Amino acid sequence: MGYVRWLGHSAFEIRVDDYTILVDPWLSNPQSPVSVSEYKGKVDLVIVTHDHLDHLGDAVQILRLNPNAKFAAVYELANFVAEQLGDTSGRIVGANIGGPLRIPGIDLKVMFFPATHSSNRGAPTSVVIAGKEATLFHAGDTGLFAEMQFIGELYRPDIAMLPIGSHFTMDVVQAAKAVELLKPRVAIPMHYNTFPVIEADPQEFARLVAEKGLDTKVVILKPGEVYEF
Ligand SMILES: [Zn+2]
């Protein structure tokens, strides 16, 4: 059995096919219910969508506490993390948009897609993680883009984690349109209410998705809560 646990902002702990994955592990975010040290020796894979500090977060420290964990990101960001760590071993996997990636010891399909956003090191990305138990899509920070429809058609995500906070990303209206394109079974809102500038109402997002008459269930998690699949 797998699960998705929201750790506040865009940080998620995902358990799928017996792997523990952290995506955008800014565990020191103001909503976070966890500390970095809790993850010592527990992580198999860290994925970061782009290098902004609210996403790269505590990745380097987590990798220090998990010497066997792999790290996947766009090439230039992976190089930066390898430098920070002083680690040029095969566990730091620099890749790019496309995929699936070849990550040593990880039998999951991980694929980077675009995100319409900015970043300092390499292109910003969204990511599909496809295991036997479930296929998950984490949108990173992004505006709405039409190729979300291809992600929906090709991979039929069970769970889509979508930013709704506006200003830097989609708002609730655009994220509801993203749900229409992706057609996930479950949509989980993220990247909202961390700061006043990204205030948003997740119930409004749920209402807009319901209005479209889609088969998608919106699951609103509180930081620390788990959705099991
Ligand atoms: Zn962000």
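The values are calculated or read from the model by the stated rules, or taken from the named source; none is laboratory data. None of the values given here were measured: they were computed from a predicted structure. All Cβ positions, even for glycine, are placed from backbone atoms using ideal geometry, and neighbour counts span all protein chains on display. Heavy atoms of the whole protein, side chains included, go into the accessibility calculation; ligands, DNA and RNA do not. Shrake-Rupley method; radii C 1.70, N 1.55, O 1.52, S 1.80 Å.
Structure summary
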| quantity | calculated |
| --- | --- |
| Among the listed pairs 177/212; 42/70; 42/222; 183/222, those beyond 19 Å (Cα-Cα) | 42/222; 183/222 |
| Principal semi-axes in Å for region 3-221 [√(5λ), Cα gyration tensor, largest first] | 26, 18, 16 |
| Lys, Arg +1 and Asp, Glu -1 on Cβ, resulting dipole of the chain about Cα centre, debye, nearest 20 | 380 |
| Fraction in percent of alpha-carbon pairs per bin - 5 Å, region 161-219 | 5, 23, 36, 22, 11, 4, 0 |
| Within region 1-130: Cβ-based charge dipole about Cα centre, in debye rounded to nearest 20 (Lys, Arg +1; Asp, Glu -1) | 160 |
| Percentage relative contact order, the chain, counting C-alpha pairs under 8 Å, at least six apart | 18 |
| On Cα atoms only, tilt of 75-85 relative to the major axis of the chain in degrees | 50 |
| Ranked packing of 57-65, 186-194, most packed first, by mean Cβ within 10 Å | 186-194, 57-65 |
| Residues of the chain: accessible area per residue with a 1.4 Å probe, Å² | 42 |
| The chain - percent of accessible surface contributed by carbon and sulfur, probe 1.4 Å | 49 |
| 0 to 90° range, to nearest 10: angle between helix 172-182 axis and the chain longest Cα axis | 80 |
| Cα→Cβ-extended label distance, 7 Å offset, between residue 203 and residue 109, nm | 3.9 |
| Mean Cβ count within 10 Å, highest first, over the residues of peptides 7-15, 85-93 | 7-15, 85-93 |
| Whole-Å distance, taken between Cα centres, linking region 1-76 and region 163-229 | 21 |
